[in-house]
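As structure tokens, the structure follows; a few thoughts come after it.
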Amino acid sequence: MTRRPRGNRPPRLDDPAPRPAAAVDDDAPRSEAARLARALAERRVAGTHARFGRAEVSAMLTRLAAGHLDATFGLDLGGITREEADDALTVIWGTAGDGVRVTIDPELTTAAAGRAAERPAAVAARGGRIAFATGRPASLLACYCGLVAALAPTDARVVDVGVFGPIAAGRSLWWVDSVAVVTDGTSLLADDGETCGDEWLFAVGRPDLVVADRGFAAAAVGAGLETIAFADVDAAVLGVAARREHPVRVVPLDDQRPPGAYDPLVEALTAGLRPNPAPAA
């Protein structure tokens, strides 16, 4: 058997030419974003909504346009048209006009998380004050606690009042690992914060950054505070505020998933945090 001259051999298909380093670097962020989007969809933090159908969201938009408190969370933006609210849902949550169930676009959640992650890092770098509050403690408390823990080795000053109240209906605000929640003294309560949000702001003053949801986020936006708002589709008023260029960055998500479902989101939001430099010897 004769050997084919080396120069005339066809290229081996299992040895592709190495890709330029720049191409690998360009693909890395896209791959990480795709991984996060898949994880959020698998955990149903985004994707087809586990609870809301189009009829429920349509009714919410009607109530928002009519100015009902349960749709505005106490945030007064002036007149909001049904078309403006629907536009916010489309642009920020990625909801589509067809299908029985509404959807949250995982890629939009991923992109929003990337933009939001810049702010805690920037505020921490200058030693700013950051305040956390949630009206969905069963779902989001652990998520916020993860963010607080990631801020611990930085120069950020996380606001922790401890206890404030009583406030409306015999309830109080307690800070659990520096995250404000509503309690009746026996249980942590889900609360949309239409009234508790203002009480919470009175307690924390004017932090440099707020990370919150529901009426707590609405109160912060209404006070002109820079806010990262974790927002479900029934909080479209926060999307309208963002579209009107109020100081709020909306992270669209289902806000009633099991706590562990948000772990990939916490990882993405804390990726840019850097600990304090070690003191010189």
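As a check on your grasp of the helix formula, calculate [θ] at 222 nm for the chain: sum -39500 (n - 2.57) over DSSP H runs of n ≥ 4, divide by the residue count, round to the nearest 500.
One gets -12500 deg cm²/dmol as the mean residue ellipticity at 222 nm.
Express in nm, to one decimal, how much length is gained between Leu69 and Glu56 on full extension, taking 0.36 nm for each residue of separation and deducting their alpha carbon distance.
3.0 nm
Can you tell me the 0 to 90 degree angle between the C-alpha axis of helix 106-125 and the longest principal axis of the chain, rounded to 10?
In the chain, helix 106-125 runs at an angle near 70 degrees to the longest axis.
In angstroms, what radius of gyration and Dmax does the stretch 79-128 have, counting Cα atoms only?
Radius of gyration, then largest Cα-Cα span, for the stretch 79-128: 15.3, 47 Å.
Grab the Cα-Cα distance for Glu107 and Leu189, subtract it from 0.36 nm times how many residues apart they are, and report the gain in nm with one decimal.
Difference between extended and current length: 26.4 nm.
Once both axes come from the Cα atoms, what is the angle between helix 21-42 and the longest principal axis of the chain, in degrees from 0 to 90, rounded to 10?
Rounded to the nearest ten degrees, it is 50.
Could you state the accessible area per residue of the stretch 185-280 in Å², with a 1.4 Å probe and every protein chain left in place?
38 Å²
In whole angstrom, note down how far apart the Cα centers of the stretch 256-272 and the stretch 142-193 are.
About 18 Å separates the Cα centre of the stretch 256-272 from the one of the stretch 142-193.
Using only alpha carbon positions, build the gyration tensor of the stretch 209-281, then give the equivalent ellipsoid semi-axes as the square roots of 5 times its eigenvalues, largest first, whole angstrom.
Working from the Cα gyration tensor, I get semi-axes of 27, 18, 9 Å.
In the stretch 79-163, what percent of the accessible surface is made up of carbon and sulfur (1.4 Å probe, ligands and nucleic acids excluded)?
56 percent
Please list, in order, the residues from the stretch 69-85 whose amide nitrogen is less than 11 Å from a point placed 7 Å along the Cα→Cβ vector of Phe202.
Flagged as within label range: none.
Working out 0.36 nm times the residue gap between Val91 and Glu118, then minus their Cα-Cα distance, what length gain in nm do you get to one decimal?
Working it through step by step, the gained length comes to 7.6 nm.
By how many degrees, between 0 and 90 and to the nearest 10, does the Cα long axis of helix 54-66 differ from the longest principal axis of the chain?
Around 50 degrees separate the two axes.
The values are calculated or read from the model by the stated rules, or taken from the named source; none is laboratory data. In this text, all values refer to a predicted model and were calculated from it rather than measured experimentally. Neighbour counts run over all protein chains shown; Cβ positions are idealised from the backbone, glycine included. When the accessible area is computed, the model is the full protein with side chains, heavy atoms only, and any ligands, DNA or RNA have been set aside. Shrake-Rupley method; radii C 1.70, N 1.55, O 1.52, S 1.80 Å.
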